[in-house]
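Heads up, the thing below is written out as structure tokens.
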Amino acid sequence: MRNNQEAETTTLSWLQTTVREVLRLAESEEVAGRTLRDLAATSLQTVGVQYRVLRESSVQLEMSELVGDATVAELAALIDGRAQNAA
């Protein structure tokens, strides 16, 4: 079983890749410390991120959480917290 820090690192890495893919950003684009709004995500792209999170982690993020002030790193921590609560 992974410890919490490993889980957070893995989820953050996965979410960064997912955000880059959905928003069609370069691999070198820094996303962890930025919000989806900062990254200029369209509403359709935001729904795409929401769907991928649900499909891959079974965690539902609300649209308000995705378009709010949470950075990608904070969203990853939120996913981990909800996944642990569901387990």
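The values are calculated or read from the model by the stated rules, or taken from the named source; none is laboratory data. Since this is a predicted model, take the numbers as computed values, not measurements. So basically every Cβ, Gly included, is an ideal-geometry build from the backbone, and we count neighbours across all protein chains shown.
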Original post:
Residues in region 30-86 that are of a type in the set (G, A, S), without any contact (Cβ under 8 Å) to a residue 12 or more places away in the chain and within 17 Å of W14 (Cβ to Cβ): how many?
Top reply: 1
Original post:
Of the numbered conditions (1) at pLDDT below 95; (2) buried (at least 16 other Cβ atoms within 10 Å of the Cβ), E6 satisfies every one except a single condition; which is it?
Top reply: (2)
Original post:
Scanning for something at pLDDT 95 or above, assigned to a loop (DSSP other than H, G, I, E, B) and in contact with a Ser or Thr (Cβ under 8 Å, 6 or more places away or on another chain), does region 17-32 turn up at least one residue?
Top reply: yes
Original post:
Can you name the residue in region 24-39 that is under 15 Å from the mean Cα position of the chain (by Cα) and of a type in the set (A, V, I, L, M) and, of all such residues, is farthest from A70 (Cα to Cα)?
Top reply: L25
Original post:
If you go through region 35-71 one residue at a time, how many are exposed (fewer than 15 other Cβ atoms within 10 Å of the Cβ) and farther than 25 Å from N85 by Cβ?
Top reply: 6
Subject >> Of all residues making up region 37-87, the number that are under 12 Å from Q16 (Cβ atoms) and in a loop (DSSP other than H, G, I, E, B) >> reply: 2
